[in-house]
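Visitor: First the structure, which I've put down as C-alpha cells, then a few questions once you've had a look.
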Amino acid sequence: MTLRVHFGTDDLARLTFAPGPDPLWELLLSLHQAQTEDGSPVFGSWRRRVRAGLGDQTRRLLELAPPQGYSPDFLTPWAAGEGLRAGLAAVARTDSGRIRPNLDELARVPRWAGGLLRPDGPARLARLMGSYFRTAIAPHWAEIRRQVDRDLAVRARTVLTEGLHGAGEQAPGLTWESSVLHVDNGQAAVRDLHLDGRGLRLVPSYFCWRHPITLRDPSQPPVLVYPVQHQPLTEAPTRTGPTGPQALGSLLGRTRAGVLRAIAHGCCSTTELAARAGVSPATASEHARILKEAGLISTHRSGIAVTHTLQPSGRTLLSAPSA
C-alpha cells in the first residue's frame, strides 16, 4: 500500500464517481498500454492495430507518456464529465508555468518537448492528442463506455446496500482503514494525500491496468483512476471501400447523415454535435433522437448533460462501400 488518502468528514460526503470514462485519462493510459506487453489477452489485438497505425507525429506522445514512472499531469487536466473537446481545450490552455515543472519530473524529457513551452505549444499538443484519440480510441468508445457503465452499475448497487465505503473498496487496489483509503499503486515509496475538505472523485477506466493511478500534484483537484473488469475490445470494422456520401445521404437524408458522421468523430454533447454538423442544437437533438431509435447511436444522460456515441451498427453503415 503506497498511497494513503486521508479523509475528513467533509471529504467522505464529497466522495463521488465519474459518470463514465474520462476521454483524456483513457488516452493517457492507452499510451501506456501501447508501449507494454502487459495484459495481452485483453489489450493484445488492440495494441497490434494501434502500433501499426501510429504516424511519426503521433508517436511523439509515447515519449511524453512512458509506460512506467511519471507522466505529466497536464495531459489530464480537470475536465471530468465534459467530454473530449472540453478536455483538449483545457490542454490547449495549459500555462507554460505548469508545463515546465511537469517536464522536470520526467525521467527522460523528449527532445521535442521544449516546443511545448512556446505560446502555440499546448494547442499543438492538443491537436496531436485529438488525432491519436480518433485513431486509437474513438472506434472502440462505445464498447469502452459499456464496460465502464457496467462497473458503475455494480458500484451504484453497492452504495445502496453497503454505503460509499463498500463501493470504494470494491475497486481493485483500494482498501479502507478507518478514514484512510489505502491505494496499491505499485510504487515502492509511501505517499500521503490529505484531501482537506476537497473530496475525491473516483474515475473508472478501461485502459487502467492492475493499479489505480492519481495525479502527483497535490494542489490539483483530487482524482483517483481505477481499473474496471476488462474484456478484450473487438476489432473495429475495416473500411473496405470509400464511404458513399450520396448513397448515405439518400438513405438518411443529407443533414442526418452529416450528424451521424459528426458523432463518428468521437463521443460528444448535443452542443458539440451541433457545432460539428453545422446545425442548431435543436436540430442536432432531433436527428440524434431518430438515430438513437434506429440503433445507430447511443445516448447517455448524466444530470442535464447528454452525450452521443456511435454504435457498431452506425459504424458499419458509415463503412459500407459505395455502389
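Visitor: Could you figure out which of (1) assigned to a helix (DSSP H, G or I); (2) in contact (Cβ under 8 Å) with a residue 12 or more places away in the chain isn't true of R146?
Guide: R146 satisfies all of (1) assigned to a helix (DSSP H, G or I); (2) in contact (Cβ under 8 Å) with a residue 12 or more places away in the chain except (2).
Visitor: A follow-up question, please. Any chance region 182-191 includes a residue that's out of contact with any Gly (no Cβ under 6 Å at 6 or more places or on another chain), crowded, with 20+ Cβ neighbours inside 10 Å and of a type outside the set (V, I, T)?
Guide: No: zero hits.
Visitor: Please give the helices (runs of 4 or more DSSP H) falling wholly within region 1-115 in which 2 or more residues are more than 16 Å from the chain's Cα centre (by Cα) and either of a type outside the set (G, A, S) or surrounded by fewer than 19 Cβ atoms within 10 Å (Cβ to Cβ) (or both).
Guide: 9-13, 40-53, 60-64, 96-105
Visitor: In this structure, is L29 modelled with pLDDT of 90 or more and in contact with a Phe, Trp or Tyr (Cβ under 9 Å, 6 or more places away or on another chain)?
Guide: yes
Visitor: Out of R239, R301, R315, report the one residue that is basic (K, R), surrounded by fewer than 18 Cβ atoms within 10 Å (Cβ to Cβ) and at pLDDT 70 or above.
Guide: R301
Visitor: Next question, about the same structure. Whether any residue in region 218-233 is more than 26 Å from L75 (Cα to Cα), crowded, with 16+ Cβ neighbours inside 10 Å and modelled with pLDDT of 75 or more is what I want to check.
Guide: No, because not a single residue in region 218-233 is more than 26 Å from L75 (Cα to Cα), crowded, with 16+ Cβ neighbours inside 10 Å and modelled with pLDDT of 75 or more.
Visitor: Just to verify a result, which residue in region 242-263, among those that are assigned to a loop (DSSP other than H, G, I, E, B) and modelled with pLDDT under 60, is surrounded by the fewest Cβ atoms within 10 Å (Cβ to Cβ)?
Guide: P242
Visitor: While we're looking at this one, here's another question. Which count do you get for residues in region 286-298 that are crowded, with 19+ Cβ neighbours inside 10 Å and either hydrophobic (A, V, I, L, M, F, W, C) or more than 19 Å from T316 (Cα to Cα) (or both)?
Guide: 4
The values are calculated or read from the model by the stated rules, or taken from the named source; none is laboratory data. Computed from a predicted structure; not experimentally measured. For neighbour counting, all protein chains shown are included, and Cβ atoms are generated from backbone atoms with ideal geometry for every residue, glycine included.
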